[in-house]
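Note sheet for the following structure.
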Amino acid sequence: MLTVAYGEATLDRSNVYRLYKMFPEGQEDVNDEDRAGCPSTSTTDENIDEVRKIVLANQGIIVGEVAEDLNISIDFCHSIFTNDLGMRRVAAKFVVKLLNFDQKQHRINPRSCWPLSMTTQICSRGS
């Protein structure tokens with residue numbers, strides 16, 4: 001019902017229940033409270049740009065090497081790869097998680113790569 005009224009910007013059910021529970025308990029501010037500790041200094045725009053440059057230069061590099069080069073933790077470096085750059089490791093290379101429309105159109109059909117003679121041999125063996 002909320003999705004019909006407010007569209008895609010609607011909170012999910014668990015968050016609606018959590019916020020509904022907060023008001024009778026006396027909390028009227030729905031914003032997050034300040035947290036103790038220092039803010040993260042590893043996930044900065046500069047570090048994200050540096051990680052992007054390093055990966056584009058060598059897609060086979062491992063997370064530990066990138067973290068060591070930038071003097072940040074492996075966890076922060078992995079977070080930059082997955083959350084900020086939208087990448088994941090596939091066959092020992094970092095690649096973008098989602099393909100855009102053009103990339104999907106240019107994917108190669110494996111059968112179209114086979115030579116015609118090999119396809120003919122496979123088809124004739126099966127019969």
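The values are calculated or read from the model by the stated rules, or taken from the named source; none is laboratory data. Predicted model, so just to flag it, every value in this text is computed and none were measured. Every residue, glycine as well, gets a Cβ built from its backbone with ideal geometry; the counts of neighbours run over all protein chains shown.
Return the residues of segment 56-77 that are within 17 Å of the chain's Cα centre (by Cα) and of a type in the set (S, T, N, Q); say none if nothing qualifies.
Applying the first criterion (within 17 Å of the chain's Cα centre (by Cα)) to segment 56-77 yields 56, 59, 62-63, 74-77.
If the condition is that a residue be within 17 Å of the chain's Cα centre (by Cα) and of a type in the set (S, T, N, Q), then 59 is the only one that fits.
State all residues of segment 42-65 that are in contact with a Cys (Cβ under 9 Å, 6 or more places away or on another chain) and at pLDDT 85 or above; if no residue qualifies, say none. Quick ask: steps written out before the conclusion?
Taking segment 42-65 and keeping what is in contact with a Cys (Cβ under 9 Å, 6 or more places away or on another chain), we get 42, 47, 51, 63-64.
Hits for segment 42-65 are 47, 51, 63, 64.
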